[in-house]
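We did not get these values from a lab; they are worked out from the coordinates using the rules stated. Predicted, not measured: the structure shown is a model, and the values here were computed from it. Neighbour counts run over all protein chains shown; Cβ positions are idealised from the backbone, glycine included.
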Amino acid sequence: MRRGRTVPPSFGLAPRGRKEVAMIPWREDIDAALAEAAQSGRPVLLDFTAAPV
Amino acid sequence: MYPDPRVERLVSESFIPVRIQVRTNPAPMERFNVNWTPTIIVLGPDGKEHHRIEGYLDAGDFLAQLTLGLGHIAFARKEYERAEKLFAEVLERFPETEAAPEAQYWQGVARYRATNDPAHLGATARAFHDKYTDTSWAKKASVWA
């Protein structure tokens with residue numbers, strides 16, 4: 001199964017004094033994500049962005 | 001884009017998240033009829049679209065919209081009790097968001113579907129007399145009164 005890479009959120013660093021509690025495991029391959037969803041029963045969130053990542 | 005740990009947690013735990021950077025990968029925009037960014041689309045496990053968010057939202061509104069999307073997926077899968085709980089969660093945690101009146105409407109529909117008791121639709125219509133009165137969802141529910 002293809003796994004997405006874990007990248008930090010695009011907003012940059014967490015506010016001072018607050019630890020990031022989660023890293024969103026963004027995928028880049030839509031069809032691989034859809035196949036994973038069909039197998040696992042989890043929904044898919046597609047984030048279309050033009051912001052620099 | 002998600003500087004809120006609650007958002008990161010919900011996205012990580014409840015979804016398979018896919019980021020499409022449209023500057024370098026524009027092709028999926030046509031596939032999913034996306035004309036602007038940011039656009040968030042919630043797909044069910046079957047790949048069908050159940051919810052769409054266009055434009056930036058603050059964390060509370062965004063969490064409410066994502067929870068609403070999960071509710072719509074549960075409803076489409078005929079998981080009416082789960083759907084009702086998710087819509088109720090929107091109302092309880094995010095009562096001041098734009099998602100709340102929609103959640104109130106669909107909570108009533110889910111309860112009706114779960115029980116086959118149309119009295120729940122009437123109760124939902126009456127609930128709109130007290131809150132979210134001037135919303136399109138109140139108008140839609142008014143036929144049940």
Neighbour-count order for A:Met23, B:Met29, fewest beta carbons within 10 angstrom listed first: A:Met23, B:Met29
Quickly work out the B:Arg52-to-B:Lys139 label distance, labels modelled 7 Å from Cα along the C-beta direction, and quote it in nm with one decimal. 2.1
Would you be so kind as to identify all helices of chain B, as entire DSSP H runs, whose Cα atoms reach 20 Å or more along the helix's own axis and whose mean Kyte-Doolittle hydropathy is at least -1.0? B:59-76, B:99-115
Might you report the magnitude of the Cβ-based charge dipole of region B:5-144 about its Cα centre, with Lys and Arg at +1 and Asp and Glu at -1, to the nearest 20 debye? 320
Sorting A:Arg42, B:Arg31 on the 10 Å Cβ count, fewest up front, what's the list? B:Arg31, A:Arg42
What's the FRET efficiency of A:Ala51 with B:Ala76 using the Cβ-Cβ distance as r and R₀ = 35 Å, to the nearest 0.05? 0.70
Extend 7 Å from the Cα of B:Ala123 along its Cα-to-C-beta direction; within region B:94-109, residues with backbone N under 12 Å of that point are B:108-109
Once you average over the residues of B:31-40, how many Cβ atoms of partner chains fall within 10 Å of each Cβ? 3
